[in-house]
Amino acid sequence: MEFETRNCWEVYRDDEHRAAMDKLAADYIEFLSWCKTERETITWLTEKASSQGFNEGFNQNRFLKIHKGKSLIMARRGKKPLAQGLRIMGAHADTPRLDLKQRPLYEECQVSLAKTHYYGGIRKYQWLAMPLALHGVVIKTDGNKIEIRIGEKPDEPVFTIGDLLPHLAYKQIEKKLSEAFEAEKLNVILGHIPMSSSKEKENDKNPVKKGVLKTLNERFGMVEEDFYSAELQAVPAGPARYVGLDKGLIGGYGHDDRVCTFAGYRAFMNQEDPEYTQVLIIWDKEEIGSEGSSGAKSLFLEYSLEEILEQWEPETRLRNVFENTKAVSADVHAAMDPDYQDVHEKLNASLLGHGPVFCKFTGHRGKVGANDAHAEYVGWLRSILNKAGIPWQMAETGKVDLGGGGTVAKFLAVYGMDIIDFGPGVLGMHSPFEICSKADIYASLLAYEQFFKN
Ligand code: MN
Ligand code: MN
């Protein structure tokens with residue numbers, strides 16, 4: 001009669017499950033270590049998808065479309081007519097980080113620095129005094145795209161933002177956390193060696209900055225103006241790692257939401273001859289409110305489905321497809337933090353290792369701004385997972401008046417489809433080193449497979 005969540009480590013204790021879990025974790029670590037920006041994630045996914053017969057445009061009963069290199073949709077045609085609805089899974093590939101400003105370069109005190117504008121919800125102090133890598137693209141005036149990725153290989157230099165020494169922080173530590181760390185102090189150190197100049201004295205202005213420009217010019221053919229048409233992101237340097245003596249956890253940058261992107265992609269690829277047409281969509285810009293032409297508020301999904309209808313079932317109306325569609329917003333949830341249990345309400349909090357987490361509604365303080373999944377839909381999801389023996393849990397983001405959040409769910413809900421947030425728990429969400437449970441990643445994959453299948 002009573003309900004208790006189940007521990008995935010107990011449910012999946014036999015050798016076969018553990019071996020599959022280990023393999024999945026190793027593959028995921030490789031993926032997470034490589035994909036640190038939305039562009040890199042979309043490139044990785046499309047390369048892998050291509051080897052499985054998904055290429056841009058229509059190919060038999062398959063469809064793939066990329067938008068601006070930052071969002072992606074894939075579809076596999078099912079046996080049932082489209083008017084009976086789709087199975088859509090959406091996740092996001094963008095992650096909180098520090099974007100270089102469009103005019104970033106300057107020098108002070110014999111170091112050259114780059115100014116940044118943070119992207120998404122970060123805790124600024126977490127980005128100080130740690131190795132950072134620079135990822136992104138620079139578009140030249142002739143349209144040429146230069147791909148930049150520095151700081152990931154062991155023999156490459158990294159970048160960093162210096163922090164104030166404790167000896168001189170007496171005043172700073174008295175400040176409120178929200179005031180102690182300023183965005184305009186999140187400046188990334190890029191170089192130190194001045195460019196030697198034998199010319200006139202005024203040419204000797206900014207020699208260290210010039211040194212950095214010289215290196216950029218020699219290596220990438222860049223000039224300073226090129227930063228205006230660049231998208232460069234400072235992200236934590238280095239690979240994702242196992243955490244803990246038992247390697248039961250995975251730590252890395254960007255579990256939110258690459259863990260769902262990865263598990264969703266795997267689940268999508270593991271399907272064959274489905275009943276309902278299956279769609280996987282990977283968004284950009286979720287972390288800043290799903291804005292822009294590559295975010296979930298855009299018409300990318302709608303336009304892509306129009307294309308699919310035209311090709312596969314021109315008689316069908318899009319609104320009938322949407323109304324009968326079941327969708328999952330595959331996104332991570334805040335797992336109960338052992339050190340900050342007081343921000344959670346335990347009956348409605350999630351535990352690491354107890355499987356993927358449903359979040360029936362998002363929003364904040366009185367469910368404002370929420371998608372709220374219908375009870376009928378939750379009932380259906382519960383039944384398919386229970387039938388497959390997959391552990392799941394349901395939680396709210398934290399105590400009612402303490403905070404909240406939003407996902408892409410509400411932007412898909414406007415079409416009338418059923419949608420709910422569903423994904424593994426994460427510790428230290430939005431930090432440079434987020435923690436996920438290996439068992440949850442495995443259970444999420446199995447759960448996503450069931451969603452697509454049913
Ligand atoms: Mn997310
Ligand atoms: Mn997030």
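Entry remark, the range 216-242: residues being in contact with a Leu (Cβ under 9 Å, 6 or more places away or on another chain) and open to solvent by 40 Å² or more (accessible area, probe 1.4 Å) number 5 in total. Applying the criterion of being in contact with a strand residue (DSSP E or B) (Cβ under 7 Å, 6 or more places away or on another chain) and hydroxyl-bearing (Ser, Thr, Tyr) to the residues of the range 325-378, the residue that is nearest to residue 262 (Cα to Cα) is 329.
There is at least one residue in the range 416-432 that is of a type in the set (Gly, Ala, Ser) and more than 20 Å from the chain's Cα centre (by Cα).
Applying a threshold of 8 Å to beta carbon distances and a minimum spacing of six or more residues, or different chains, the list of pairs starting in the range 101-112 at a residue that is closer than 17 Å to residue 226 by Cα and ending at one that is open to solvent by 60 Å² or more (accessible area, probe 1.4 Å) and not charged (D, E, K, R) reads 101/117; 102/228; 103/228; 106/206.
Taking the range 37-55 as the range and being open to solvent by 30 Å² or more (accessible area, probe 1.4 Å), part of a helix (DSSP H, G or I) and hydroxyl-bearing (Ser, Thr, Tyr) as the test, the residues that pass are 43, 50.
The requirement of being assigned by TED's automatic domain parsing to the domain that holds residue 204 and not in a strand (DSSP E or B) is fulfilled somewhere in the range 98-118, by at least one residue.
When residues in the range 117-154 are screened for being modelled with pLDDT under 95 and touching a Ser or Thr at 6+ places or on another chain (Cβ under 7 Å), 0 of them pass. Residues that are in a loop (DSSP other than H, G, I, E, B) and open to solvent by 30 Å² or more (accessible area, probe 1.4 Å) within the range 119-135 comprise 121, 123, 129, 130, 131, listed in sequence order. Scanning the range 56-76 turns up no residue that is open to solvent by less than 10 Å² (accessible area, probe 1.4 Å), part of a loop (DSSP other than H, G, I, E, B) and not acidic (Asp, Glu). Screening the range 247-282 for residues that are hydroxyl-bearing (Ser, Thr, Tyr) and surrounded by 24 or more Cβ atoms within 10 Å (Cβ to Cβ) and picking the one that is farthest from ligand 1 (Cβ to nearest atom) gives 277.
Taken over the range 316-337, the criterion of being in a strand (DSSP E or B) and closer than 18 Å to residue 377 by Cα is satisfied by 326, 327, 328, 329. Kindly establish whether residue 291 is surrounded by fewer than 15 Cβ atoms within 10 Å (Cβ to Cβ), within 16 Å of ligand 2 (Cβ to nearest atom) and in the same structural domain as residue 358 (by TED's automatic domain parsing). Here the answer is yes, as residue 291 does meet what is asked.
The values are calculated or read from the model by the stated rules, or taken from the named source; none is laboratory data. Quick caveat, the model's predicted, so the values are computed rather than measured. All Cβ positions, even for glycine, are placed from backbone atoms using ideal geometry, and neighbour counts span all protein chains on display. Accessible surface is based on the protein model in full, side chains and every heavy atom, while ligands, DNA and RNA are left aside. Shrake-Rupley method; radii C 1.70, N 1.55, O 1.52, S 1.80 Å.
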